[in-house]
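Q: Quick one: the structure is below, and I'll ask about it shortly.
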Amino acid sequence: MTALKYKELKSLNSADLKNKLSELKKELMKDNAQIARGTTPKSAGKIRTAKKDIARICTVLREKELQEPKQVAK
C-alpha cells in the first residue's frame, strides 16, 4: 500500500474522502485485531502508513469544511 498524496486528496470531493476514510479505518482495525491475536501483519509499515493516511484525509476534510462559506440564519 502506498501513501496517499496530499495533492491527490485535495482533488477528491468530500464524499470520496469520507469513503476512503472509512475504508482505511476498517483496514486499520483489521490489522490491529490481527496484532492483538498475536499474528504478524503482512507488512510492518502498513499500520503506520494507514494512520498517516487517515490523518491526511481528516486534514483535507477539515480544510474543505473551513473553506465553505458559512450561512447565517436570519
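The values are calculated or read from the model by the stated rules, or taken from the named source; none is laboratory data. Please read these numbers as outputs of a predicted model, since none were measured by experiment. In this analysis, Cβ positions are derived from the backbone assuming ideal geometry, glycine residues included, and neighbour counts consider all displayed protein chains.
Q: Of everything in region 32-56, what is of a type in the set (Lys, Arg) and either within 20 Å of LEU17 (Cβ to Cβ) or surrounded by fewer than 11 Cβ atoms within 10 Å (Cβ to Cβ) (or both)? Give them in sequence order.
A: ARG37, LYS42, LYS51, LYS52, ARG56
Q: Being touching an Asp or Glu at 6+ places or on another chain (Cβ under 8 Å) and at pLDDT below 90 is true for just one of LEU4, LEU24, LEU12. Which residue is that?
A: Step by step, each of LEU4, LEU24, LEU12 is checked, and only LEU4 is touching an Asp or Glu at 6+ places or on another chain (Cβ under 8 Å) and at pLDDT below 90.
Q: Then there's this: Would you mention how many residues in region 17-54 are over 11 Å from the mean Cα position of the chain (by Cα) and either at negative phi or of a type in the set (S, T, N, Q) (or both)?
A: Of the residues in region 17-54, 19 are over 11 Å from the mean Cα position of the chain (by Cα) and either at negative phi or of a type in the set (S, T, N, Q) (or both).
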